[in-house]
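Below is one structure; the comments refer to it alone.
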Amino acid sequence: MPFAFIPRFWLWPVIIGLSRDRWAIARGNEKGRVERAIRYVRDSFFAARTFTSLDDLNAQAVQRCNGQAADRRCPADLTLRVGAAFAQEQLQLLALPDHPVSH
């Protein structure tokens, strides 16, 4: 069933406090940038990685994000490291909802 016909799919952003008007829908010029980021994670993090459980994998991902990935230069501002850029952006991020969201 296409997403357009699943009402809960369209309610998800509202439930977690997002505004749909900020989504760049059908922006072909941004597709490559997103796909390169996914490929970077796939090639540099998942390649030949072993893990015993999902919790183990999540712990490895957090360690990677706080270490090696945070020390990279920020592509948008080469004077910053990714960790420093993220710390600046964290002040503008919304908190997750206090209540659990049912599937």
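The values are calculated or read from the model by the stated rules, or taken from the named source; none is laboratory data. Since this is a predicted model, take the numbers as computed values, not measurements. Neighbour counts run over all protein chains shown; Cβ positions are idealised from the backbone, glycine included.
The number of residues in region 77-103 being of a type outside the set (D, E, K, R) and closer than 20 Å to Ser44 by Cα comes to 3. The residues in region 34-64 that are within 20 Å of Val82 (Cβ to Cβ) and among the acidic types (Asp, Glu) can be counted, and the count is 2. Counting only helices (runs of 4 or more DSSP H) that sit completely within the chain, those holding 1 or more residues that are at pLDDT 70 or above and in contact with a strand residue (DSSP E or B) (Cβ under 9 Å, 6 or more places away or on another chain) correspond to 82-90. Assessment of region 81-96 against the conditions (farther than 28 Å from Gly17 by Cβ and either β-branched (Val, Ile, Thr) or under 16 Å from the mean Cα position of the chain (by Cα) (or both)) yields no matching residue.
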